[in-house]
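Single-structure report; data block below.
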Amino acid sequence: MWRGREAPRSSLKGGGRWAGACFRPCRTVFLPPRGGSVEGAGSSTLIIEGRRALGGCVFSPLPDRIFASTLACAAAAAGGRVELTGCSPELYAPVLEILAQMGCRVERGGESVQVARFGRLYGAGRVFTGVYPALATDAAPPLAAAMLCAEGESSIEDVIFEQRFACAEGFAALGGRVNTAGRVLHIRPGGALRGTRLSAPDLRGGAALVLAAMAAQGRSQIGGVAYLDRGYADFTEILASLGARIYRETKPA
């Protein structure tokens with residue numbers, strides 16, 4: 001809980017064709033250098049043909065653009081400045097563009113970006129998620145947390161994941177003026193955010209509630225943080241190092 005401070009083996013055979021969400025990592029499939037055959041990298045369909053043996057290779061996974069997006073939104077929601085390095089701004093450009101539109105100062109430089117907010121935030125109007133390189137569905141809840149602090153109206157429609165805004169109930173409990181209609185989260189200005197007891201509904205929704213609690217007056221207590229452990233290593237420590245008054249009552253399992 002945070003307060004405001006051996007699986008069975010599987011055997012794979014043959015080849016196949018699958019369709020799925022077009023995530024950015026699909027463009028860095030590492031089977032070909034190891035001897036496998038993969039077609040369609042970067043699209044929504046991968047065609048994979050297996051081999052009897054795979055060779056070795058050197059592979060560098062992509063940095064976590066959703067973690068970077070979350071920290072950028074944290075600066076927008078709570079105010080202040082954060083410098084993010086090691087993750088190309090290109091990977092989460094839609095988030096940075098929306099934050100800039102809302103009044104944040106966004107300064108890009110190679111593999112780093114600085115995001116600062118010391119004044120007002122303005123509503124973003126209506127934005128949509130989509131497949132890469134559009135706004136990532138997983139970045140929508142943290143972005144919504146920043147929108148709670150804006151003076152104008154905002155809305156986010158998630159066309160990828162139907163139950164994306166389970167965090168709306170927590171936003172309302174904090175005092176946010178929000179409502180959902182299907183896949184759309186509507187956020188109206190004028191809600192005074194005040195600390196309260198909350199429970200993370202899922203991974204990204206839990207992160208969004210942490211950001212909203214950071215922007216609220218008073219203390220918040222957030223349960224269900226096992227969700228956040230799945231996607232945010234050392235989340236409490238990183239936020240605290242940036243100046244958030246946050247601590248964890250229970251250690252990760």
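Evaluation of A212 against the conditions (1) touching a Pro at 6+ places or on another chain (Cβ under 7 Å); (2) crowded, with 24+ Cβ neighbours inside 10 Å shows that the sole unmet condition is (1).
Pairing each residue of the range 137-161 that is open to solvent by 10 Å² or more (accessible area, probe 1.4 Å) with any residue that is assigned to a strand (DSSP E or B) and among the aromatic types (F, W, Y), provided the two are 6+ apart or on different chains, yields C-beta distances under 8 Å for E157/F128; V159/F128. For the range 142-182, filtered to residues that are aromatic (F, W, Y) and part of a loop (DSSP other than H, G, I, E, B), the residue that is nearest to G224 (Cα to Cα) is F165.
The values are calculated or read from the model by the stated rules, or taken from the named source; none is laboratory data. The model shown is predicted, which means the values in this text are computed figures rather than measured ones. With ideal geometry, Cβ positions are generated from the backbone for all residues, glycine too; neighbour counts draw on all protein chains shown. Ligands, DNA and RNA are stripped out before the accessible areas are found, and what is left, the full protein with its side chains, is counted by its heavy atoms. Shrake-Rupley method; radii C 1.70, N 1.55, O 1.52, S 1.80 Å.
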